[in-house]
Amino acid sequence: QTCASVVTSEKSGAKSRVAPPDLGLITRIVSFLVEQLSKCVKGSHEALLRLVKCIKEGDITPEVIEALTAMKKKSLQMQHSKKKAAKSIFISFAICLPALTKVNDELLLGIYCLLESLEWGSGKGYSLPSVLQSCRDSGLFEKAEIDKMYAKYARVFEEGMEQGVDGLDDIFYAVTAIQSKSIPYSIRKFMVGNRTLFDESGRALSLVSAVVSISSIPCLGRGTHKIIESPRLTPTATNDDLAGVVESVYEATHCYEWNKYSQIASVLLGFMSSLGTSSNLKPAQETDEAKTTDGSKNEVQDKSRLPVARQGTALETVMFALQEHFQDLHSLSDMEANLGITKLLGCLEVLSLPGIFADFLRMAMYKGDESIKTVCVRLIVSQVRGRPRAVFDGREYVNLTLEMSKMPVAELRSLIGEQDGAKLFVEHFGDMLGKFVSQSVEDAAEGVFRYCINHIRQNSSLMKTFLGTMKGLLHRAKDSKSFRFSPKALLSIQMFLLRRVFAGIRDATSITAKGGQPDQRAIIEAYGDCLMEIPMSLMSEADFLTVKELDGFFGESLRIRVVMVLVQKGYFESSPKSFNEIASSIAWICRQLVACNDEIFSCTILQVSCAIAKASENEAEAKKKELLISLLDNLLMVSSIASFVGLEIIASLAFQWGHGYGSNGDLSLLYGVGTSIEKWQDLPPQALKETFRLAVHDLPFNLARYARRQKLSGVVFNRLWRVYVKWREQGAEEEILALLRRALVCCRDDATAIEDLVTLAITSCV
């Protein structure tokens with residue numbers, strides 16, 4: 001129920017204001033259900049445990065999906081004593097799995113592969129329709145793929161009828177719930193309650209399947225994600241379909257025995273009694289329009305109807321031509337027709353249009369291709385942004401944009417697309433946000449942000465555009481005379497940026513950390529630019545600058561990179577404050593090195609060190625000396641296992657502070673990647689690691705050059721010597737020790753004992 005409320009919160013519209021979904025709660029619920037399901041399966045399966053871990057982390061790797069797919073060959077079986085519990089879990093899956101799309105669409109692929117590996121009769125038929133529908137809504141599966149899966153299940157069902165296999169009721173329910181048409185009367189009459197094919201429980205489920213074929217059943221997660229919603233007939237259900245199902249259910253209630261079959265029939269009969277008042281039935285021969293008793297058609301509001309322009313005007317010609325084109329829009333396939341519509345709609349941007357045109361634009365966006373979606377979005381923006389209106393105030397367009405902002409990702413995608421139309425909508429979202437009532441501002445921002453974060457891999461520019469428009473909104477909100485934005489709405493947006501947006505970017509960057517995100521730095525810089533408009537007092541109140549263990553390694557890495565952007569842009573009022581942020585960031589890195597967790601060997605910590613090196617470049621020389629000495633002192637607590645990572649951190653600072661001077665001056669290979677360490681963050685993971693390997697190679701010479709310039713040679717030599725001795729005793733790799741010896745030789749000064757140099761020389765020869 002909790003997960004289902006997350007899904008329905010997106011569909012509640014402007015009538016009720018709900019809190020944004022707790023993604024952590026969703027992953028905990030779903031991972032718990034999968035973990036309990038694994039206890040119902042015979043034997044132990046590593047892939048199931050890996051799936052639970054992936055759901056908790058909010059990401060799934062191709063290797064896990066492959067492992068789950070490989071289990072299909074085994075056909076996992078349920079423990080006999082756990083079959084009832086498993087069916088309850090599958091019903092819970094049907095209700096809550098759609099909410100998993102708010103975390104990561106691809107997790108549904110793992111769930112689908114798991115369901116495919118389970119035997120029929122386990123109860124997986126309850127979950128399959130919901131999972132496949134969610135996969136289709138999120139774009140993971142196309143309609144053609146769903147049709148192929150349905151055909152496959154139908155073949156399994158036919159073979160099962162011929163061979164009399166177990167679990168036929170499970171297959172029957174899945175096939176019935178997946179298809180979009182009602183069951184033919186002859187098949188329903190033969191299947192429902194068949195004593196030869198089904199046992200008592202199977203006969204009961206066959207009755208439920210018959211009802212599912214014509215109606216939604218919210219408590220089973222069928223046809224709706226809203227548990228408290230009234231049941232409704234499917235769009236294809238006819239009077240004959242309803243009469244046939246009622247006949248089957250009614251006959252089951254008059255069974256001679258009072259068993260599961262007759263009991264569920266009584267429940268379903270009461271359930272179906274509400275359908276007459278919750279849905280409009282269609283005659284069997286007329287499924288598109290309902291007729292009244294006198295034969296006249298009911299009046300149905302035509303959303304595609306255009307306003308009538310004054311006769312004899314140019315606008316009348318435009319409206320007439322537009323209406324003619326739109327009537328054939330659902331079958332448009334030639335570029336000329338689409339071009340004509342876009343040109344006609346473009347002519348209307350300079351006008352103040354009546355509200356009825358908003359309904360037309362919604363229909364046009366839904367049916368049109370990317371070019372039509374784009375011009376419709378542009379037209380909506382022109383009506384919302386605020387042109388002086390003598391007759392129309394444009395509130396219908398504001399309501400439309402508010403409704404679109406709160407839509408689920410898949411529904412919003414069907415209106416604005418994924419290319420120019422989406423970018424245009426997000427780009428002007430800040431202007432639209434100022435038109436909404438204060439109570440809806442945060443919900444609308446959450447919806448658009450969710451859309452952008454969902455497309456961060458395919459089109460990362462959407463996230464940068466969103467952050468840019470939010471920065472513009474905050475900047476304009478400072479001038480209350482030229483931009484009306486209530487203090488309550490402003491505060492909600494500021495807190496939304498500090499908490500929800502941070503969490504979303506954190507999850508996205510942690511998921512893409514292994515594969516690399518080319519525009520990751522650009523997104524972080526755009527986020528930092530946005531935070532520049534938020535007062536420091538509010539940032540401190542929200543504990544944004546405070547280390548939080550709950551954010552994990554990737555969360556703190558993101559926080560440091562954002563803070564370093566703020567340092568570079570002069571956000572902090574005083575130099576000591578910026579220095580403290582840099583020092584605390586280096587201290588955090590040192591703690592990670594001492595802990596020696598697996599994350600320190602990822603590219604993330606290298607990106608963090610690049611950000612710190614760039615931000616600290618303009619600090620006073622005395623402050624940089626303090627940072628370097630502190631880092632060298634902390635290396636004494638670092639194990640030799642993390643020794644190379646520690647040298648990478650020092651190498652980044654020495655490279656940037658020494659302005660990129662290499663081992664032999666201009667002959668350094670690092671000149672091939674440029675002297676700006678900030679841009680190293682854009683490199684793919686493997687290229688970034690190779691670049692840092694070059695930086696470590698140049699470390700002895702860069703460090704020595706900087707130490708001599710700052711008269712720190714003796715101090716650096718002494719710290720490096722102690723680190724060298726410790727790592728040598730711990731059995732560090734010879735490559736690390738050789739590099740340290742070169743650094744010691746380069747950093748020597750007149751006070752260096754000759755015995756130490758002789759020892760280094762002898763060790764190097766050995």
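The values are calculated or read from the model by the stated rules, or taken from the named source; none is laboratory data. Keep in mind the model is a prediction, meaning the values are calculated, not measured. Positions of Cβ are generated from backbone atoms using ideal geometry, with glycine treated the same way; all protein chains shown enter the neighbour counts. Please note that ligands, DNA and RNA were not included when accessible areas were found on the heavy atoms of the full protein model with its side chains. Shrake-Rupley method; radii C 1.70, N 1.55, O 1.52, S 1.80 Å.
A few notes on this one:
- Sequence of Tyr112, Tyr397 when ordered by accessible area, the most exposed leading, probe 1.4 angstrom: Tyr112, Tyr397
- Protection-proxy order for peptides 693-700, 608-615, 724-731, each taking the mean of Cβ atoms within 10 Å per residue, highest first: 608-615, 693-700, 724-731
- Phe601 - accessible surface, heavy atoms, 1.4 Å probe, Å² rounded to 10: 90
- Ordered by solvent-accessible area of protein heavy atoms (1.4 Å probe), largest first, the residues Arg476, Arg28, Arg561, Arg506 come out as Arg28, Arg476, Arg506, Arg561.
- Separation of the alpha carbons by more than 28 angstrom is noted, of Lys148/Lys343; Lys102/Lys464; Lys143/Lys367; Lys72/Lys367, for Lys148/Lys343; Lys72/Lys367.
- Global geometry of region 82-171, whether rounded, prolate or oblate, following the gyration tensor of its Cα atoms and the 1.5 cut on a/c: oblate
- Using a probe of 1.4 Å, the accessible surface attributed to Lys435 totals some 90 Å² when neighbouring protein chains are kept in position.
- Descending by average beta-carbon neighbour count within 10 Å, the peptides 703-711, 487-495 line up as 703-711, 487-495, the highest first.
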